[in-house]
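The values are calculated or read from the model by the stated rules, or taken from the named source; none is laboratory data. Remember, it's a predicted structure, so these values are computed and weren't measured experimentally. All Cβ positions, glycine included, derive from the backbone under ideal geometry; neighbour counts span all protein chains shown.
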Amino acid sequence: MKLVRACPVCDGRKAEFLLMMNFAAETNCILPAHHQIVACNKCGCIYNNVDARDELFENYYRNCAKYVSLGVGGAGELSIIDRIRYQSLLNFLSPFVSPQMTIADIGCGKGGWLRFLHENGFRQITGIEPSAGCVEIIRHQFQLEAICSDIKSLNSDRQFDLVILSNVLEHIFDLRTAVRKISGVVAPNGLIAIEVPDASRYASFPHAPYYYFDMEHINHFDLKSMKNVWFQAGFEVLAEEATTCFPVEGMENPICRLLVRKKEPPKSLSFPQSDTATYLRQYIEWSQKKAQTLPEAPENQQRFFLWGCGAYAKWFLQNKLSALPAGIVEINRRKVGRSVNGCPIISPEMLMAQNSEKEIIMISSVLYEQQICKQLKDLQWRGKILSACRPREEQEN
């Protein structure tokens with residue numbers, strides 16, 4: 001098939017088409033609303049064939065208010081759930097690391113992992129994060145060192161014994177350049193610890209149709225494709241692990257971990273074929289069947305609102321709804337006043353101004369459905385609460 005983006009792992013130029021993803025367009029959102037999910041013919045890596053440039057994604061993460069907001073899973077906080085994941089990663093690393101090491105956490109968000117390391121006796125720790133808002137929080141609220149930089153702009157004059165990349169590489173458009181830049185900030189014989197979602201096990205933790213194919217995750221790795229990334233960059237694998245984590249309570253997601261050590265690059269390259277596409281087809285088939293059972297709108301075409309303006313909500317709005325909502329509720333204040341497919345984005349306060357038994361809210365957030373439902377009940381929402389993530393017959397009356 002025709003590719004507008006080469007394979008991020010092996011630079012292959014031929015791929016098998018797996019799925020087309022279309023999302024509703026949000027005003028001022030620079031991420032592409034359409035992409036193809038493909039499997040590289042050369043190495044088997046799964047990635048988004050998307051018509052964009054690296055700079056677009058860099059600008060998005062530099063200016064994205066999402067990761068500065070409180071209560072966002074995977075944004076570098078220190079909740080009970082976050083602590084469990086950090087402890088699991090520290091256990092994985094413990095045979096190879098010591099508190100005397102210099103450590104950089106690239107893509108550190110608001111610095112939760114740095115704070116956890118500090119609590120466990122690590123003192124030579126630095127966060128590297130493109131969002132100035134997150135860096136401000138780390139420096140002034142937690143008094144830890146943080147550098148405001150994207151990966152492409154990393155300064156290799158400073159090197160670290162250990163670099164941590166937790167839930168970062170799935171977001172990177174120009175992966176091969178990013179790996180070279182990261183390699184430059186690792187000291188001789190230094191280590192890199194990587195965590196990424198495990199695409200080979202999406203079907204084992206499905207949650208909702210197409211949940212893992214959001215607009216930000218543009219690379220879909222398994223252990224084999226992740227090892228291919230670092231082998232060609234001159235690293236050897238010291239440890240690997242396929243496990244799970246909970247970005248929020250009750251939502252178990254598959255991840256894989258690698259710990260690699262810097263050595264001489266290989267003289268010749270080979271790419272062991274990843275077979276993730278076989279497992280991904282199972283998840284796509286499940287998603288296609290499950291999507292057919294989702295509600296298309298409240299019964300009798302009553303007026304309703306959506307709560308949630310993430311990737312799933314945009315997929316649901318573009319592909320499933322037979323009627324447009326009166327508004328889309330979003331807690332991120334910077335989005336209020338924008339629109340998605342012409343539907344206004346409103347705040348929870350604006351929704352509650354219309355609170356009545358006649359009103360209907362459909363929750364369109366996979367990760368936060370339980371929390372939003374609880375929030376609505378705490379706000380004494382009088383109308384009906386439905387789910388946009390589950391079949392109607394599975395929902396409570």
Exercise. If you take the residues of the stretch 142-156 that are hydroxyl-bearing (Ser, Thr, Tyr) and more than 15 Å from THR102 (Cβ to Cβ), which of them is surrounded by the fewest Cβ atoms within 10 Å (Cβ to Cβ)?
Worked result: SER153
Exercise. Within the stretch 254-267, is there a residue that is touching a residue at least 60 places away in the same chain (Cβ under 8 Å), in a helix (DSSP H, G or I) and either in the same structural domain as GLN370 (by TED's automatic domain parsing) or not polar (S, T, N, Q) (or both)?
Worked result: no
For this session: Return a yes/no flag: does the stretch 146-161 have any residue that is acidic (Asp, Glu) and touching an Asp or Glu at 6+ places or on another chain (Cβ under 6 Å).
Result: yes
Exercise. Got a number for residues in the stretch 96-116 being in a helix (DSSP H, G or I) and more than 22 Å from the chain's Cα centre (by Cα)?
Worked result: 0
For this session: Could you tell me whether any residue of the stretch 296-303 is assigned to a loop (DSSP other than H, G, I, E, B) and within 24 Å of the chain's Cα centre (by Cα)?
Result: no
Seminar exercise, completed: ARG139: passes all of (1) more than 23 Å from PHE246 (Cβ to Cβ); (2) buried (at least 16 other Cβ atoms within 10 Å of the Cβ); (3) in contact (Cβ under 8 Å) with a residue 12 or more places away in the chain but (3)
For this session: State yes or no: is ASN228 assigned to a helix (DSSP H, G or I) and either farther than 30 Å from ILE284 by Cβ or more than 16 Å from the chain's Cα centre (by Cα) (or both)?
Result: yes
